[in-house]
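Okay, so here's the structure we're looking at.
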Amino acid sequence: MRRTWLLTKLILACVLGGVCLAGMAFPVAGGLGLLSNATGDAVHSLAIALERGRPPFASVLEATDGTPIAYLYDQYRLDTPSDRISPNMKVAMVAIEDKRFYSHHGVDPAGTMRALISNGATGETSQGASTLTQQYVKNYQILVTARHDKKAQQRAREVTAVRKMREARVAVELDSQLSKDEILTRYLNLVTFVGNVDGVAAAAQVFFETTPDKLTVTQAALLAGVVNNPVAYNPWNHPQAAIERRDIVLDAEVSIGKLDQSDADRAKKQPLGIVAEPRIPGSDCVGIKPGYGFLCAYVRDYLRANGFTTDQLRTGGYRIRTTVDARLTGLAKQAVDANVPPRTPGIANTMVVIRPGAKHEVAAMVANREYGVDAAAGQSMTNLPVEVSDPFGAGSIFKLFTTAAAMEQGKVGLNTKLSNPDSQCFMPPIIFDDTVCHTVQNDYVGYPNPISLEEALATSPNVAFTDLELRAGMQPVLTMAYRLGLRRTMDASEAGSPPNTDPSDERYKQAEYNSPQREYFHNNPSFTLGVSAVSPLELANVMATLDDGGKWCPPTPVRQVFDHDGRPISLPDQGCEQVVAPALADTMIRGLAKDTVSGTSATSALRAHWQRQLAGKTGTTEYNESVGFVAGMRGYAASSLVFADGSAPAPICASKPPRLDSNDTGCAGAFGGSLASPPFFAAFSKLLGTAPDRGLPPADPSYLDAMPHGPTVPWVVGSGTQHAQDTLRQAGYVRVDVTPRASDRPKGTVLGQSHAGAFPADTAIELIVSAGHDVPR
């Protein structure tokens, strides 16, 4: 019986040898011949799949300087071309796994015969016979073709004649189509080295914190050794076994003449040289470098919104060059963590920085929290810098929108004196029988009355701006907030969530939940006091719009995406809009220049030794549950918000470090100037150093005093195309062009417009109109 089994194995060896030598069907009669015929088509299909396909590669997110900051992956594998893999690694792998790799044609007859005779003599199957090419076929099926199918993976591992013959035939076909170097490179990029670490680049990083082109003889030998059994030879769990296996690889290199014995002996004396603890980066923005989690999540969601699927991002091996400045991100993260320690219960501190220009690029996006699920460690799965996450609002920062709307209408200029009593009772625009006035008070007694608009922007009296808001009109003020950048914010409810449309939900009956802010505040003058939820990202982009001469662009976190082969992939151009006249934007920036000199952030600026010209505005909500600061200068726009973010919000105390007044002890409340502005000054003082002050634009003379500014392009976004065209023509603008764009919005809805505000009547207006899904994205 034993001799019969041995004979069968020898026949199989001849079969494999026949394939190797002749590259054709197995020359075996009976069952083996029928098997060969039955599997022919499947073999050819698999060979084509292996030849043309690629394993899942991680997509890497890079900072502007090329530094990797995050990875998106199903399998942690980084594609590496042959010329970036150390020759030491190639030699080690061939020496231990397939010494005749460069001489056989995918299947090694001599090795197969030797293995079968050895296994037959001992009655065991410990002696392997697979070539590197065959191993590549097997691993490809397990790690790629069947990566989501456990049963198929098991079939690929079965020790059967059927599998071995199919594997051998595919190996022969691959060997005829690919060069030896290509097969070896693909193998090194595919196989598992330990745990979830696949491919030589990931292994070099995790084992040695190096790159595959720099692997030494000893390092390469260790990696080549563990592939045979990543569990048994795991150097962290079984260091002695890993050393012994490494030394076997070194001896194998000597045996094929690729390493001198003396060099091998020296290499054997070296320690493992691995890092103390393997660190595998998080696979989906969680557990990555501090300061980058929220940015990573924003990039991921941004690319999804622009046509990429989750699977593409996690398997496609894209190189995603983001807009993030690594140095600025580090400084911003350090600043917010120092301001509000990450584990501070119930208090978040976000900072977002945008670079205005041809696009509004997100340069930094951080919080004292990290992106993650461990709330006890100060982590959050809510994208705090991006979403409408501050539920209590930005306070007096919203007075910017009142100012811009009133100035555009010509009702005020920077020199205009505003009525400013210590308190005043205001009636809303629409009055009903039971309507009563609402009393608004300034934060302290002693403001000038009247007060110039420029001085009011610096010191922020509530009464003056509430009066100005009603003079400008609620709808123009709300529209101005949307135009300048609060797009998601104004579409969200007053509480920050999407408007509730479920009649069975109790919140559906409450206005603060069931309507967007652009409607909720239609008859509510408290809007200018910044009492509603806001997005930190959008607030920074408001300053970017003003700093960019009134040009709004969607904030973008991505500069360029390259595919697996290094080809650039174009992303849809969302376009920019001239939402206010440049003269108005420049005057607004100049009008905010006193905040750091004599206004609400002056003390913090002085403590930081801040000497630069800066457009700034602070904000503090009525009960000190949120404080904020926005800043603009040439090249940068930023927001810093500190707000209660826990399940039991309370006023924020001006303590060091800040805390919540959860026991109602009556602590001194924090303010935007004292708590929200310091992180900005700390980060940017270090970033800019001794660089020259680029200054601020001068105020336009026509906006210094109240006066008309000529015709005004009406805002028609959200209306139907015909209505928008009619509205523009009635306002005197007859040059109107319509550009369709694919959108989820109803067909014919105006999505954007090229100009709004005070522009000459001969200005050409472009309307971006939804074409539904009739136009490719």
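Looking at the range 612-640, which of its residues are more than 26 Å from the chain's Cα centre (by Cα), of a type outside the set (Ser, Thr, Tyr) and modelled with pLDDT under 95? Once the filter is applied, which keeps residues that are more than 26 Å from the chain's Cα centre (by Cα), of a type outside the set (Ser, Thr, Tyr) and modelled with pLDDT under 95, the range 612-640 yields only Glu622. Filter the range 539-574 down to residues that are small (Gly, Ala, Ser) and touching a Pro at 6+ places or on another chain (Cβ under 8 Å) and give me whichever is farthest from Tyr482 (Cα to Cα). So, considering only residues that are small (Gly, Ala, Ser) and touching a Pro at 6+ places or on another chain (Cβ under 8 Å), the one farthest from Tyr482 (Cα to Cα) is Gly549. The requirement of being free of Cβ contacts under 8 Å to residues at least 12 places away in the same chain, in contact with a strand residue (DSSP E or B) (Cβ under 9 Å, 6 or more places away or on another chain) and at negative phi is fulfilled somewhere in the range 311-331, by at least one residue.
Considering only residues of the range 656-702 that are of a type in the set (D, E, K, R) and assigned to a loop (DSSP other than H, G, I, E, B), which is surrounded by the most Cβ atoms within 10 Å (Cβ to Cβ)? This residue is Asp661. Restricting the range 155-186 to residues that are among the small types (Gly, Ala, Ser) and part of a helix (DSSP H, G or I) leaves a set whose member that is surrounded by the fewest Cβ atoms within 10 Å (Cβ to Cβ) is Ser176.
Rundown of residues vs (1) assigned to a loop (DSSP other than H, G, I, E, B); (2) among the acidic types (Asp, Glu); (3) in contact with a Leu (Cβ under 8 Å, 6 or more places away or on another chain); (4) touching a residue at least 60 places away in the same chain (Cβ under 8 Å), yes/no style:
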{"position": "Val60", "(1), (2), (3), (4)": "no, no, yes, yes"}
{"position": "Thr64", "(1), (2), (3), (4)": "yes, no, no, yes"}
{"position": "Tyr71", "(1), (2), (3), (4)": "no, no, yes, yes"}
{"position": "Asp74", "(1), (2), (3), (4)": "yes, yes, no, yes"}
{"position": "Leu78", "(1), (2), (3), (4)": "yes, no, no, yes"}
{"position": "Met93", "(1), (2), (3), (4)": "no, no, yes, yes"}
{"position": "Arg100", "(1), (2), (3), (4)": "yes, no, no, no"}
{"position": "Gly106", "(1), (2), (3), (4)": "yes, no, yes, yes"}
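Within the set Val769, Val750, Val716, the sole residue that is in a loop (DSSP other than H, G, I, E, B), in contact with a helix residue (DSSP H, G or I) (Cβ under 7 Å, 6 or more places away or on another chain) and surrounded by 15 or more Cβ atoms within 10 Å (Cβ to Cβ) turns out to be Val716. Checking each residue in the range 564-601 for being of a type in the set (Gly, Ala, Ser), in contact (Cβ under 8 Å) with a residue 24 or more places away in the chain and surrounded by fewer than 20 Cβ atoms within 10 Å (Cβ to Cβ) picks out Gly566, Gly575, Ser598. Against the conditions (1) surrounded by fewer than 24 Cβ atoms within 10 Å (Cβ to Cβ); (2) in contact (Cβ under 8 Å) with a residue 60 or more places away in the chain; (3) over 18 Å from Tyr71 (Cα atoms), Gln205 satisfies every one except (3). Per the listing Asp744, Asp705, Asp737, the residue uniquely assigned to a strand (DSSP E or B), exposed (fewer than 14 other Cβ atoms within 10 Å of the Cβ) and either on the phi < 0 side of the Ramachandran plot or not acidic (Asp, Glu) (or both) is Asp737.
Checking each residue of the range 299-321 against the condition of being surrounded by fewer than 19 Cβ atoms within 10 Å (Cβ to Cβ) and of a type in the set (Asp, Glu) gives at least one match. Please specify each residue of the range 301-332 satisfying the condition of being closer than 26 Å to Ser743 by Cα and among the aliphatic types (A, V, I, L, M). If the condition is that a residue be closer than 26 Å to Ser743 by Cα and among the aliphatic types (A, V, I, L, M), then Leu303, Ala305, Leu313, Ile320 are the ones that fit.
A single member of Gly628, Gly619, Gly646 is farther than 21 Å from Tyr447 by Cα and buried (at least 20 other Cβ atoms within 10 Å of the Cβ), and it is Gly628. With the condition kept exactly as written, say whether any residue in the range 245-257 is part of a loop (DSSP other than H, G, I, E, B) and among the polar types (S, T, N, Q). No: the range 245-257 contains no residue that is part of a loop (DSSP other than H, G, I, E, B) and among the polar types (S, T, N, Q). The residue list Arg321, Arg327, Arg266, Arg279 contains one member that is in contact with a Phe, Trp or Tyr (Cβ under 9 Å, 6 or more places away or on another chain) and either farther than 30 Å from Gln379 by Cα or not assigned by TED's automatic domain parsing to the domain that holds Ala204 (or both), which is Arg321. Go through the range 138-154 and give me each residue that's surrounded by 15 or more Cβ atoms within 10 Å (Cβ to Cβ) and in a helix (DSSP H, G or I). Those that are surrounded by 15 or more Cβ atoms within 10 Å (Cβ to Cβ) and in a helix (DSSP H, G or I): Lys138, Asn139, Tyr140, Gln141, Ile142, Leu143, Val144, Thr145, Gln153. Screening Asp491, Asp433, Asp502 for residues that are farther than 30 Å from Leu384 by Cβ, outside the structural domain of Gly757 (by TED's automatic domain parsing) and out of contact with any Leu (no Cβ under 9 Å at 6 or more places or on another chain) leaves exactly one candidate, Asp433. None of Val436, Val445 is surrounded by fewer than 17 Cβ atoms within 10 Å (Cβ to Cβ), of a type in the set (A, V, I, L, M) and under 23 Å from Ser601 (Cα atoms) except Val445.
Does the range 346-369 contain at least one residue that is basic (Lys, Arg), within 21 Å of Leu660 (Cβ to Cβ), surrounded by 24 or more Cβ atoms within 10 Å (Cβ to Cβ) and in the same structural domain as Ala670 (by TED's automatic domain parsing)? Yes. Here Lys417, Lys411 are screened, and the one residue that is surrounded by 12 or more Cβ atoms within 10 Å (Cβ to Cβ) and closer than 24 Å to Gln475 by Cβ is Lys411. Checking every residue in the range 562-576 against the condition of being part of a loop (DSSP other than H, G, I, E, B) and either closer than 22 Å to Gly410 by Cα or touching a helix residue (DSSP H, G or I) at 6+ places or on another chain (Cβ under 6 Å) (or both) gives zero matches.
The values are calculated or read from the model by the stated rules, or taken from the named source; none is laboratory data. Not measured: the values here are computed from a predicted model. When we count neighbours, we look across all protein chains shown, and the Cβ atoms used for this are built from the backbone with ideal geometry, even at glycine.
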